[in-house]
1. Take the alpha-carbon positions of segment 457-592, form their convex hull, and give its projected area averaged over all directions (one quarter of the hull surface) in nm².
2. Between residue 569 and residue 511, what FRET efficiency follows from the Cβ-Cβ distance if R0 is 25 Å, with the result rounded to 0.05?
3. On a 19 Å Cα-Cα criterion, which of the cross-link pairs 345/432; 381/469; 625/652; 736/764 come out too long?
4. Taking the alpha-carbon centroid of each part, what is the distance from segment 530-559 to segment 417-442 in angstrom?
5. Mind checking the full-extension length gain between residue 991 and residue 761? Use 0.36 nm per residue of separation minus the Cα-Cα distance, one decimal, nm.
6. For the pair residue 592/residue 420, report the inter-label distance in nm, with labels modelled 7 Å from Cα in the Cβ direction.
7. Any of 492/518; 639/706; 639/669; 942/970 with alpha carbons more than 20 Å apart? Name them for me.
8. Please report the net charge: other residues with Cβ closer than 10 Å to the Cβ of residue 135, K and R +1, D and E -1.
Amino acid sequence: MALQMNSPVIATKILELSNFSHGASKYLGSSDVSISETGLVCVIRRVDRWTQPTIFVLDTAKTDRPVFVSALALDPQDAKRERTAEGRISPDGKRIIIHDSRAVWVVDLTKDLTTADSPFRPMDLKHLGEVGIELVQWVGNNSAAAILSGKSAGLYHLHPVGLDAVERNATPVTWSVPGAVPLTETVACSKDGVWIARFSVLFEKGRALGLLFLDRGHEKFQLSGFAGAFVTGKNKEDDEGRFYYADAGATHDSMTLTALQLSGRIPPSPVANPIWKHEFRYPRSHDLISPEIPITMHISEKDDLLYIVSSLGYVHVFQLASGEHIGSTRAGTSKVVCSALRRGKRGLNVVDANGTVFSVIMDVQEWFSRQNIAALPIRDKRPVLRVVLQNNIPVTKQVFFDFFPDFISANGKAYHDAVDLLEPLSDSELFKFFTQVTKRNPTLLPVLRTLAKRFSDRLPLSEMVALFKECGGPAATFAFLNMFGAGNLEGKEMEEFIQSAIDIEHYTVLEHALLQTKVLDPETVLRVLKPKVKADPSYAPLFENFCQRFELVEGLVFSNLVKGFTHLAKIKDLVQKSDAKNVLLIFRALFDNNIQDKILDLFLTEVKPAAFTPEFMEQFTLNNKLKNYTRCLELMVAKSTCDIRLVEQLFKLYADDADGQNHKKAFLKKVGQTRCEEIGNLFKESDYLQALSIFECGECDWPYIKLANARNLMSNVTGYLLARADAALWTEAFSKLAAFDQALYGYAPDGFQAQLLGSSFAAKSVFLSAVIEGNRQQLAMHVLNYLIDAQFEDKSERGFIEDCYLVGLMTWYPDQHAQIASFIAAHKDFSHVKVLTDLLSRNIRGTAAGVVIERLTKDGITEEVTGDDIKRLTEAAELSDNRKAWMIIGRIHLNRGDLLEALWAYVKGEHYDNYQEVLKAIKSVEDFEHWNMAVDYLQMVKRRVKDTKPVMTMLSFALVKTNRLVEFEKMMAEGGNGDAGPEDRVCGICEENPREMNFLPCNHVYTCEGCAVKVRDCPICRNPITSRHRIYLA
């Protein structure tokens, strides 16, 4: 028996001809053998040229009694015939055609051969003349082809149906190669008889040659080929069909297959455009001395298969349509003498030179059905078992016991034989064996369980568990796993063991396994028992005892949660006593049970600081509980000084965006300056930037300034001081930080000026006030010189800078009046009363005083005057006796509603321009009490205005109110009723102001004070004026 394990092509021995053919030797060298598609084998046994040949026919389908025709003698009446007869049985097994060199007979096997009549019907070949018969071969069930020699040498088509008709198919021609000795010859013919191919295997110059003569009518082609076959066309595309032929390769390891299209319009060469052509290399290492050449080709159109039988007994199978190789096998170890297709089945029947009949089978199931497994020794069972496994042949209970007879338990010879049979299998084959047998025969599970334990180190345990579970349910699964012992199981296997024990309610066994023996995988037990405890409270004691045995805190948490809220205190106590690892497990269990946030916060407050690890925080992240975690950390950090890890974790929880940073700042402000300072001190060495951020958020002023200064972060120091806008803090920095003003001055050219410019108005105000009040002249003036040239959108901010600048000038450069005046003149918008009045109070003179007064008289400026400004301005006016200063003071008092002070200032400065406004103001006051001052003012105005009527009216009223009746009567006697104005008292030049200047030496009064300086000679007498004196007319 030859098995080809890597292909679906298998050769199996059927019978030995020598056992049934009487007198036949082991070697068939003296016999002629042929085989039909129905499995009939025809043997014509020849002893020598003179002994009568004997015919045997055997039926291979009946291997126990195959003899069909026994010892039929050939032509007993003609003793002169040569005893060299050869024969061929027809494909359907109904006829045998026999010939020698001069005659052809046909035997009809459908008739009773035991009758008196001879079964041999001779064919009449007389009309062919003197011929020699070289070969007769069936080309169908009802026709044959003959190769004749002699005068009528050629290829003839015989029709043995009529038994006496010979029809010539083609003109005889001579096909030969000079100098070549033919070894074998065969003929192939298309079913329609149109095409005939003759194959001659020749021997030339030490090597075999295959000659192929292809004949269609009078057109003949000679090709190189050893074997071939025809397929008749079925449609127009196929035309007359196809021709397939094979040629041996140049070496021993290959051959060439070609498919040709046949047509009546055949081209000059039929091989010009083959349908396909493949070079096939034999699928093995060729170590044989003799060359392997194709000798026979068979085609099965139904199965689309092409078979090639080689001289060395190999059978190669190809796809007919494409030439793709399917598989190969070897039938026997000697030369093949004949072969035929198996009718109704795929494959061939082959007879080798030793007289052994093989079936080349394409169906493994058929091959397996022919095996007598029980009778085979163990070494022969192994290849059969491998074929079974590779081809998924069903292993029934009977087949199993054919392989393992008498196997029941793990004792005795049968068990050891079974182990011996399975041992050489690979691990995958071994598992496949258990899979196929178990699924087919669930009743064999107890037997298979014993074998599986023996090979447990080679079998995938999880797949075996799944197999037993599928085929035998929980009981089989439990029995299989219990065989290994619960102490040796883990993972999926342990899970299956517990689940199967629960399913079959083996509580006692399960309790013993979990509480009394070792357990490799407690976590798996925990995972499997959880749902059972929740569904069935009776398992709760087992579960809790198991968790306590292995200190599985997550299981204890689950158990208490299942019992209800009354057992939460136990979980809280468990949290308090647990280390970091167990705390992580406890909270993982809480998350798995979807604990409420309030309860979660309750447990979190009991966690020790050491348990707040990155892994612990990750659990909150995965379960979307970071808010709870953040609240707990904030509480812990706010309560007391803790290690830096917790603070770092807390700060990591704050996002980098604005919301996160605002949350961080809000928390630090909430905990207060003291805690912020403690928290910041944790980072002073490791992360000073983080420390600065904490100090800043907590408004820890001095810690921030000290740390930033120690790190030479001058921009941070100044930025913080500007942001705080606290004058005391600036003063403290100047006093406590060594050479801070020098350091700040050194930093100013690079960044502080721009930093100060970009700060708020309040920040600038606080800083400049601090440096000016601290008398830090160099730094103040350096910064002010920079700021005074900068652009400010806010006028008040701009004005403040100007104020500071002038204050600095006045403070450190009090004698620089010209510089002060130049500054005010250059800044036309400068209108700060405080500064201006302060300048006047310093008794400035000359141009500077004029500039200041001019700016003070600007419209709207008096509205900004304060009490201190009025005081300074009054002092300056009294010192300088400046009329315009008194005018400003009067306007300020008038705007402020202080009529007494306004009248007094106007009298002092003799200002009357706005007398109508003053009169209106006096009238608007219902209970005006300062009539004495009003009399002085009105008398001053009466002397200087043209329209004295309203003035005289108000003056008359005032004199009466003050009980100054004598002055009232005098005024009335002088015509002071206000009906007409005294034209002779008006200046003769401007005709507006009253005459008040006395010219000497002529004593004439003609002009007002203003016009007096314009004349040199008296306008009345034309005498030169030597001096001018102001007079007051009653």
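None of the figures in this text is laboratory data; all of them are computed from the coordinates on show. This structure is a prediction, so every number in the text was calculated from the model and none was measured. Every residue, glycine as well, gets a Cβ built from its backbone with ideal geometry; the counts of neighbours run over all protein chains shown.
1. Working: hull surface 35.3 nm².
About 8.8 nm², averaged over all directions.
2. Numbers: r = 29 Å, r/R0 = 1.14.
The computed FRET efficiency comes out at 0.30.
3. On the way: 345/432 29 Å; 381/469 30 Å; 625/652 15 Å; 736/764 21 Å.
In this structure, 345/432; 381/469; 736/764 lie more than 19 Å apart at Cα.
4. Segment 530-559 and segment 417-442 have Cα centres separated by 40 Å.
5. Values: separation 230, 0.36 × 230 = 82.80 nm, distance 5.42 nm.
Answer, rounded to one decimal: 77.4 nm.
6. That separation, rounded to one decimal, is 5.2 nm.
7. Details: 492/518 17 Å; 639/706 26 Å; 639/669 14 Å; 942/970 15 Å.
Among 492/518; 639/706; 639/669; 942/970, the Cα-Cα distance tops 20 Å for 639/706.
8. Value of the local net charge: -1.
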